[in-house]
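Trainee: I am attaching a structure below and will ask some questions about it afterwards.
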Amino acid sequence: MSLDIEKWLRSPKIDVHCHVWNLGNEADEATSAKQLIKAGEMLGITEYWCSSPITGGRIAPIEEVRAENDAVLRAMKMFPDHIRGMCYVIPGQYQEALDEVNRCLDAGMIGVKIYNQYRVSDPAVFPLIELSIERKIPILEHAGFLEAPEHLSGQPLISNGSHFALANREYPEAVLIHAHIGGGGDWEQTIRWMRDTSPNLVCDVSGSNLDDGQIELAVSEMGADRILFGTDGTMTGSVGKVIDATLTYEEKELIFWGNAERILAAQGAKPTRPREGVAA
């Protein structure tokens, strides 16, 4: 069967891994968010789950963390039909982190974002996982299976699939999202580590690594109902590798929309816009 790329580009998509940034100026933040939304319109992306993480493994004070989340809340308010928030926190801040998550969820965010300050399997993360179960929200953590010393030196505590499998063993009911299988390193191994885990451990397709067969392997090892569409800024590449993947129509629909819709439904939420223009 021939691949109708134009129809798939028009088919609606929920991007579960994206970012808006704290630029120190609301006008600049609005311009940046508008550019994101405009770019996505050409690709059928109707909704973005956005965070503003503090990168580099730095343990920033809670005041700085709150400022990043406030930028996301501003974007949500400016563009409620397109942008949802993922609350960024640093797990080792314990009660402050839990309080910040509750503040952001009560303001309308729908999940948690963790970067590389702690591995997802570190007990410091467990209170956040327990809160996510209580509030029926996902946790998205930066991930990648890096082995080269020059890569690990910059983020020695980055999580890979083995760490997600350990966390899933402790909390099989928690919705944990392994970020960007195309984010670098041995993506085949990190996917296989997550194969024999509960259905609530999922991954997103984002990342600038566009190796052929990436999406097919993820689906064959984990199942299409455990793969989420995300871009992390690599918008055309992330859309293209799902469209190009040798999958059924139903599997692509799950990745682009259905799986994210299911995560929202668990917390009583719906996509920000109706699902229209589905590819035939």
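Trainee: What nm value, rounded to one decimal, do you get for the distance between Glu250 and Gln95 when each label is placed 7 Å out toward the C-beta?
Mentor: Result: 5.0 nm between the two label points.
Trainee: Obtain the nm distance between the two label points defined at Leu152 and Asn102 by a simple spin-label model: each point lies 7 Å from its Cα along the Cα-to-C-beta direction.
Mentor: A separation of 3.9 nm, rounded to one decimal place.
Trainee: Taking 0.36 nm per intervening residue step and subtracting the Cα-Cα distance, what contour gain separates Glu41 from Phe126 on full extension?
Mentor: 26.9 nm
Trainee: As I understand it, the dipole of the chain uses +1 on the Cβ of Lys and Arg and -1 on the Cβ of Asp and Glu, about the Cα centre. Which of Gly182, Ile129, Met76 lies farthest toward its positive end?
Mentor: Met76
Trainee: What aspartates and glutamates could a cross-link reach from Lys7, if we take a straight Cα to Cα line under 19 Å and drop same-chain neighbours fewer than 8 places away?
Mentor: Those aspartates and glutamates meeting the cut-off are Asp15, Glu41, Glu47, Asp244, Glu250, Glu251, Glu253, Glu276.
Trainee: Please compare each pair in Lys113/Lys136; Lys13/Lys38; Lys34/Lys113 to a cut-off of 20 Å on the Cα-Cα distance and tell me which ones are over it.
Mentor: Over 20 Å apart, Cα to Cα: Lys34/Lys113.
Trainee: Now for a separate question. Expressed as a rounded percentage, what relative contact order does segment 5-266 have, with Cα pairs under 8 Å and six or more residues apart?
Mentor: The value is 17 percent.
Trainee: Kindly put Thr197, Thr231, Thr31 in sequence by how many other C-beta atoms sit within 10 Å of each C-beta, fewest to most.
Mentor: Exposure proxy ranking, most exposed first: Thr31, Thr197, Thr231.
Trainee: What does the convex hull of the Cα atoms of segment 1-43 come to per residue, in Å³, rounded to a whole number?
Mentor: It comes to 71 Å³ per residue, whole-number rounded.
Trainee: Based on Cα coordinates alone, diagonalise the gyration tensor for segment 204-267, multiply each eigenvalue by 5, take square roots, and list the semi-axes in whole Å, largest first.
Mentor: Over the Cα atoms of segment 204-267, the semi-axes work out to 18, 14, 10 Å.
Trainee: Just to be sure I follow: if Rg is taken over the C-alpha atoms of segment 113-232 and Rh is the Kirkwood radius over the same atoms, what is Rg/Rh?
Mentor: Over the Cα atoms of segment 113-232, Rg/Rh equals 0.94.
Trainee: Treating the Cα atoms of the chain as identical point scatterers in vacuum, please give the log10 of the normalised Debye intensity I(q)/I(0) at q = 0.08, 0.09, 0.11, 0.15 Å⁻¹, two decimals.
Mentor: The Cα Debye sum returns log10 ratios of -0.29, -0.37, -0.56, -1.11.
Trainee: Right, here's the next one. Describe numerically, in nm with one decimal, the distance between label points set 7 Å from Cα along Cα→Cβ at Asp70 and at Ser220.
Mentor: Modelled inter-label distance: 5.0 nm.
Trainee: Magnitude of the Cβ-charge dipole of segment 1-151, K/R +1 and D/E -1, about the Cα centre, nearest 20 debye? Intermediate values should be presented prior to the final figure.
Mentor: Details: 15 positive and 23 negative charges, 83 e Å.
The calculated dipole for segment 1-151 is roughly 400 debye.
Trainee: If you rank His178, His17 by fewest surrounding Cβ atoms within 10 Å, what's the result?
Mentor: Listing His178, His17 from fewest to most nearby Cβ atoms yields His17, His178.
Trainee: At a 10 angstrom cut-off on C-beta neighbours, averaged per residue, how do the peptides 3-9, 92-98 rank from highest to lowest?
Mentor: The peptides rank, most packed first, as 92-98, 3-9.
Every number here is computed from the coordinates shown, using simple stated rules; none is lab data. What you see is a predicted model, and the numbers here were worked out from it, not measured in a lab. Here Cβ is always computed from backbone atoms with ideal geometry, including for glycine, and neighbour counts include all displayed protein chains.
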